[in-house]
Amino acid sequence: MRCHAYQLPSEVYRALEAQILEALADASLEQLGYLLGDHDLKVELLSGEWRVLFEAARDISYQVVKLGERRARMAISPDELSELVTLLRSPERQVDWAPISFGLAELVDALPVGMDLVGLVIVEEDDDWMWRESTHEIIAIRPEVYSLIEPHMHELIKIGDFGALARLAGDHCEGAIEFSNQRWFDLGQAIVTHAPELIPVIEATVSPPDVYTSVREALSLVADPRTQPSLDAWLRVHSDGHQYALFFRDIRREVE
């Protein structure tokens with residue numbers, strides 16, 4: 001799940017603030033769209049970006065986060081904006097967040113420094129992404145990215161939202177190996193026969209970077225180029241770039 005950040009001129013935000021805060025609690029996206037229609041900037045934040053932003057801004061913002069309902073909303077008034085900008089422009093934070101900063105970098109550059117000229121409202125995207133065709137995957141995540149999104153990945157595993165987990169991993173991955181239903185089934189059979197040590201790894205959904213070498217070696221035992229050409233090619237060409245975290249995406253877990 002991604003979010004959209006709306007920058008509103010301060011006079012617009014202040015005139016609508018009470019309605020905006022009330023609407024963030026339970027209004028539909030369509031209703032919020034009417035309130036936010038006079039925005040002067042709209043920026044898409046990827047799945048990991050809004051999560052680290054919400055976490056950092058918890059004490060200076062109004063937030064409504066209900067992961068079980070896939071709802072994530074935040075408002076920053078013009079009066080708090082300067083504090084937010086200072087927080088986001090911290091050199092240490094910018095370095096820490098650089099591995100996942102795309103829309104977030106655009107937003108930081110756009111927000112005025114030291115002035116209360118705008119208010120900021122962030123709202124989750126609609127659910128169209130949930131209906132796109134999906135496939136089984138092994139998704140590779142760089143270690144510096146994983147360190148930022150790991151707690152959020154485990155939170156989604158805990159509540160059983162594997163669709164949102166796949167969105168989060170896919171938004172910030174280095175690469176992915178796709179499998180048809182048949183090849184995913186065949187991979188599982190080969191693992192049982194030739195690399196049973198991978199069974200608990202795949203059942204856990206995510207393997208951290210510190211076990212990557214052993215996981216990669218086990219995967220090489222089942223990467224027959226005749227039956228698993230994509231896995232074989234990835235292991236030969238791309239697998240030694242980093243000590244990756246791996247997300248094993250089984251789309252059967254994503255049934256609503």
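The values are calculated or read from the model by the stated rules, or taken from the named source; none is laboratory data. All values reported here derive from a predicted model rather than from experimental measurement. Neighbour counts are summed over all protein chains in view; Cβ atoms, including those assigned to glycine, are modelled from backbone coordinates with ideal geometry.
Things worth noting here:
- All positions within segment 1-17 that are within 19 Å of LEU29 (Cβ to Cβ) and either free of Cβ contacts under 8 Å to residues at least 24 places away in the same chain or in a strand (DSSP E or B) (or both): CYS3, HIS4, ALA5, TYR6, GLN7, LEU8, LEU16
- Residues of segment 18-36 that are in contact (Cβ under 8 Å) with a residue 12 or more places away in the chain and over 24 Å from the mean Cα position of the chain (by Cα): GLN19, ILE20, LEU21, ALA23, LEU35.
- Options VAL222, VAL201, VAL192, VAL215: the member that is free of Cβ contacts under 8 Å to residues at least 40 places away in the same chain and either in contact with a Ser or Thr (Cβ under 8 Å, 6 or more places away or on another chain) or within 18 Å of CYS173 (Cβ to Cβ) (or both): VAL215
- Among the residues listed as THR227, THR213, THR205, the single one being at positive phi and either of a type in the set (Ser, Thr, Tyr) or modelled with pLDDT of 95 or more (or both): THR205
- Segments classed as helices (runs of 4 or more DSSP H), wholly inside segment 96-180, with at least 1 members that are within 25 Å of THR205 (Cβ to Cβ): 143-159, 162-171
- Taking (1) assigned to a helix (DSSP H, G or I); (2) touching an Asp or Glu at 6+ places or on another chain (Cβ under 7 Å); (3) over 22 Å from ASP116 (Cα atoms); (4) hydrophobic (A, V, I, L, M, F, W, C) in turn, ALA72 satisfies each apart from (1).
- Scoring TRP97 on the criteria (1) more than 14 Å from ALA5 (Cα to Cα); (2) of a type outside the set (Val, Ile, Thr); (3) loosely packed, with under 14 Cβ neighbours inside 10 Å leaves a single failure, condition (3).
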